[in-house]
1. Restricting attention to the range 144-151, does a residue exist that is touching a strand residue (DSSP E or B) at 6+ places or on another chain (Cβ under 9 Å), under 20 Å from V97 (Cβ atoms) and either part of a loop (DSSP other than H, G, I, E, B) or at pLDDT below 95 (or both)?
2. Could you tell me whether D43 is free of Cβ contacts under 8 Å to residues at least 12 places away in the same chain and of a type outside the set (S, T, Y)?
3. Looking only at the range 163-189, count every residue that is of a type in the set (S, T, N, Q) and surrounded by fewer than 14 Cβ atoms within 10 Å (Cβ to Cβ) and tell me the total.
4. Counting just the residues of the range 68-88 that are touching a Phe, Trp or Tyr at 6+ places or on another chain (Cβ under 7 Å) and of a type in the set (S, T, Y), which one comes out nearest to Q114 (Cα to Cα)?
5. Report, ordered by the first and then the second residue, all pairs with beta carbons closer than 7 Å, sequence separation of six or more or different chains, a first member in the range 49-62 that is among the acidic types (D, E), and a second member that is surrounded by 19 or more Cβ atoms within 10 Å (Cβ to Cβ) and modelled with pLDDT of 95 or more.
Amino acid sequence: MKKIMIVNTSTGYFGESDKPTGLWLGELVHFYDYFDIDGYQIDLFNIKGGNTPIDPVSLNTFMLDCITKKYYKDEKFMELLKNSKSINYANPKEYDVIYFTGGHGVMFDFPDNQYIQAAINEIYNHGGIVAAVCHGIAALLNVKNETGRFFIDNKLITGFSNTEEVLANRKNNVPFMLENRLKEHGANYSKSKIPFRPYVKTSNRLVTGQNPQSPKQVAQAVSNLLK
């Protein structure tokens, strides 16, 4: 039995504004659906515990594909999101994989969370896999190893691009531009030539996906590493 911990945001608004954000639901469920089979245990966490806010844009007609719709209508699954455990109470030593979902909420509560940073180091150092998609890659930004070096330094990384942030009309709402910050912290960043196309990079046991179109491909890359 392989154990996977998935970490979602607890932030439902852009900073102090009344503009809603939260988890981008498709980035969770496409990954979750891939591993929702025998041989895997998946546990959902968020930052504070309790309800996981969902970005309303991720539920609009153009974004709600058949898999996302299936999980959104699944009352049992949605109850898991409404009653998530806080990452404060997770035991990363038990897990083979940690996966960070996106949605703009993570930009406010992932980068400086000490439990996230400890979990990444623990799972990676005991031979596990660290994976993230889209803005969820913000979880990796400020993680440092025992020598004080950034975890992402010199690693092959992708993540939501500056171009995509502009096209999503969120450039003026975010606390930083993810692509810029990844480069500042030493990541070997790359992206798809065409925005909003699936794009994944694997760097040893680190797997990152660029955008909401990439979670299934991240799951496939993680699966290949587990094998």
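1. Yes: one or more hits.
2. It is false that D43 is free of Cβ contacts under 8 Å to residues at least 12 places away in the same chain and of a type outside the set (S, T, Y).
3. Matching residues across the range 163-189 total 3.
4. Within the range 68-88, the match that is nearest to Q114 (Cα to Cα) is S86.
5. D55/T21; D55/G22; D55/L23; D55/W24; D55/G103; D55/H104
The values are calculated or read from the model by the stated rules, or taken from the named source; none is laboratory data. None of these values were measured; they are calculated from a predicted model. Don't worry about glycine lacking a Cβ; one is built from the backbone with ideal geometry, like all the others, and counts go over all protein chains shown.
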